[in-house]
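Read the structure below first, then the notes.
We did not get these values from a lab; they are worked out from the coordinates using the rules stated. Bear in mind that the values here come from a model prediction, so they are computed numbers and not experimental data. Here the Cβ is made from the backbone with ideal geometry for all residues, glycine too, and neighbour counts use every protein chain on show.
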Amino acid sequence: MQRGAIIKVTAADLKTACSQCNLQELCLPFGLENGEIEQLDELIGSRRKVKRHQHLYRTGDQFEAIYAVRSGSFKTNVLFEDGRDQVTGFQMSGEILGLDGISTEHHTCDAQALEDSEVCIIAFDKLEELSREVESLQHQFHKVMSREIVRDHSVMMLLGSMRAEERLAAFLINLSQRFTARGFSAAEFHLRMTREEIGSYLGLKLETVSRAFSRFQDQGLISVQQKHIKILNIDGLKALRTVQTSA
């Protein structure tokens, strides 16, 4: 496994780190007493830098920790025996990687950085132990796991019931909402993933994704310059499914 630099973090640093990188949803320091926050110094004792295209972990690696994305972005993917590579998700700051390894104690997918990124390492055995002592931490960790389940179900519905353009519209709307939650522009952002990776995630061919982007631009819904996206008509994207269904 390729590993980046590991940085020691103190309990005092954790308060600042979480407030700056949107880790409140994990709620490690949020809502806890000062004494409980000090206990977390053992839980998140280091960070790891992961260069673009490097792997945080690979399929089959021993599961030891989960990872909170502090900065940057990742993709998770599964390689099938026939050589097909299926993207299963894109993660950005404030989101969690590594939950796939809990059941078997081995990771069941690859996690690769889409850009230079940094994660906080959360030793899972220590998380379990501390969660039994700090009820609010256990509650918030359950919320994180529930969020991942809901996201998986949403993707299944996306692939099973939507046409190609509907899938891409839903994908762009989801990215817009996630960027907004992190204090970034809802209408203008840079895609870190390739068209091919988007197609793999949405169950579409590369050519289909490219045509859909071109059609959205022709319809005045978005403006596209390579990987830079500007949403010109968010309501039009949201209404796309209704319009196509009634057509």
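Annotations for the structure displayed:
- Violating pairs (Cα-Cα greater than 23 angstrom) within the set 75/126; 51/238; 49/75; 75/227: 75/126; 51/238
- Net charge contributed by nearby residues that have their C-beta within less than 12 Å of residue 229 (K/R +1, D/E -1): +3
- Scalar couplings 3J(HN,Hα) for segment 148-154, obtained by applying the Karplus form with A = 6.51, B = -1.76, C = 1.60 to θ = phi - 60°, are 5, 5, 4, 5, 4, 5, 5 Hz; x denotes Gly and Pro.
- Exposure proxy order (Cβ contacts within 10 Å, fewest to most) of 104, 76: 104, 76
- For segment 58-122, GluC sites (Glu not before Pro) meeting the loop criterion (DSSP other than H, G, I, E, B) and having at most 13 other Cβ atoms within 10 Å: 81, 105.
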